[in-house]
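Peer 1: Following this message is one structure expressed as structure tokens.
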Amino acid sequence: MPSIALSLRRSGAAFNSWTSLLGFLIVQEFAWRFKTIRAGAILAMLEPIVWIAAIVFVRGYLRRMEPHFGTSITLFISSGILPYYVFVRLSVRSRVVRYDASHRLPLVTSTETWLASVVSEASLILTALVVWFTLLWLFGIRGAVPVKPEECLIALLLFGMLGIGMGLINAAIIRRFPMWRMIYAIPSRGLVLLSGAYYVVDLMPLRVRDFIVWNPLTHAIEWYRIGQFGDQYPHITLDRQYCVTFAIILLLIGVACHRATIRADRVR
């Protein structure tokens, strides 16, 4: 029994030391990223909100379009763009993993550096999401408060898994084939159009719907909107099992690529 208690204390102490190191790395990450622009973190959080404002202006005021669901076009677009941005931002941060030990602190692994970068990025986009929906609620859009917040959290977790997995895979490819950065950028820019962020998937023409349901992000956005609007949101095409399975497999492949890249660099 004493040996078990001693092992638990040592494990707890090691975990506390590791979390302290991770917290330090997160602070260092923020300091490094925004050292030239003090308001850089605020600008990073404003990026998706500016995107939403531009889309709402074009669709709601210039084209006089009605929301595809609900009474607020701002809320509908926000419920698609902000969750999607979790995928975008985490995939980008995971892609720029610093493998070279010369760019890291002593005794800090590339995995710890990557994790600190991802956590810092996730905190930015999730803070922007919470602040934005809170502002919408304060301005009288009562639907900004999720009907099922637990469903929203699950969907955001899946967006994060998909983004991290895709980012790690791209990082491994770019490490060996730098041109992949530009090749991947071309289809990735139009990915939002195939994810249901601007429309209700169930209301799309059958040919279009049968095509875009292969995209796991489509199911993640539908999942999030069920949490936002409730079960009355059209979700016949939603396949939760497909989305979860795809996210897990993509994340596992990404982690495997990350570890393989680290081992390959050690051999060199």
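Peer 1: Of the listed peptides 157-166, 236-245, what is their order by residue-averaged count of other C-beta atoms within 10 Å, with the highest listed first?
Peer 2: Working: 157-166: 25.0, 236-245: 15.5.
Answer by packing, highest mean first, reads 157-166, 236-245.
Peer 1: Exposure proxy check: Asp210, Asp202 ranked by fewest other beta carbons within 10 Å? Show your work: numbers first, answer last.
Peer 2: Values: Asp210 11, Asp202 16.
Ascending number of Cβ neighbours within 10 Å: Asp210, Asp202.
Peer 1: Now a separate question. In nm, give the distance between the simple-model label positions of Trp214 and Asp202, each being 7 Å from the Cα along the Cα-to-Cβ direction.
Peer 2: 2.4
Peer 1: Please report Val131, Val50, Val88 as a ranked list, fewest other C-beta atoms within 10 angstrom at the top and most at the bottom.
Peer 2: On the way: Val131 13, Val50 10, Val88 21.
Listing Val131, Val50, Val88 from fewest to most nearby Cβ atoms yields Val50, Val131, Val88.
Peer 1: Multiplying the sequence separation of Arg263 and Glu150 by 0.36 nm and subtracting their Cα-Cα distance, what value in nm do you get? Kindly include the intermediate steps, with their values, before the conclusion.
Peer 2: Working: separation 113, 0.36 × 113 = 40.68 nm, distance 3.83 nm.
The Arg263-Glu150 span can extend by a further 36.9 nm.
Peer 1: Would you mind classifying the stretch 102-224 by shape? Square roots of the alpha carbon gyration tensor eigenvalues, ordered a ≥ b ≥ c; an a/c under 1.5 is rounded, otherwise it is prolate if a/b is larger than b/c and oblate if not.
Peer 2: Numbers: a/c = 2.60, a/b = 1.31, b/c = 1.99.
Oblate, because a/c is 1.5 or more while a/b does not exceed b/c.
Peer 1: So if each residue of separation counts as 0.36 nm, and I subtract the Cα-Cα distance between Ile253 and Arg176, what length gain in nm does that give? Write out the running numbers ahead of the final one.
Peer 2: On the way: separation 77, 0.36 × 77 = 27.72 nm, distance 1.66 nm.
Here the segment from Ile253 to Arg176 would lengthen by 26.1 nm.
Peer 1: Moving to a separate point now. Sort the stretch 42-84 into rounded, prolate or oblate with this rule: let a ≥ b ≥ c be the square roots of the eigenvalues of the Cα gyration tensor; rounded if a/c is under 1.5, and if a/c is not under 1.5, prolate when a/b is larger than b/c, oblate otherwise.
Peer 2: On the way: a/c = 3.16, a/b = 1.58, b/c = 2.00.
Oblate, because a/c is 1.5 or more while a/b does not exceed b/c.
Peer 1: Additional query: Could you sort the peptides 190-199, 214-223 by per-residue average Cβ neighbour count (10 Å cutoff), highest mean leading? List each step's numbers first, then the result.
Peer 2: Numbers: 190-199: 17.6, 214-223: 23.7.
Result, highest mean first: 214-223, 190-199.
Read-outs: derived from the displayed coordinates by stated rules, not from any lab. Model, not experiment: these values are computed from the prediction. Cβ sites come from the backbone with ideal geometry, for glycine too, and all protein chains shown count toward neighbours.
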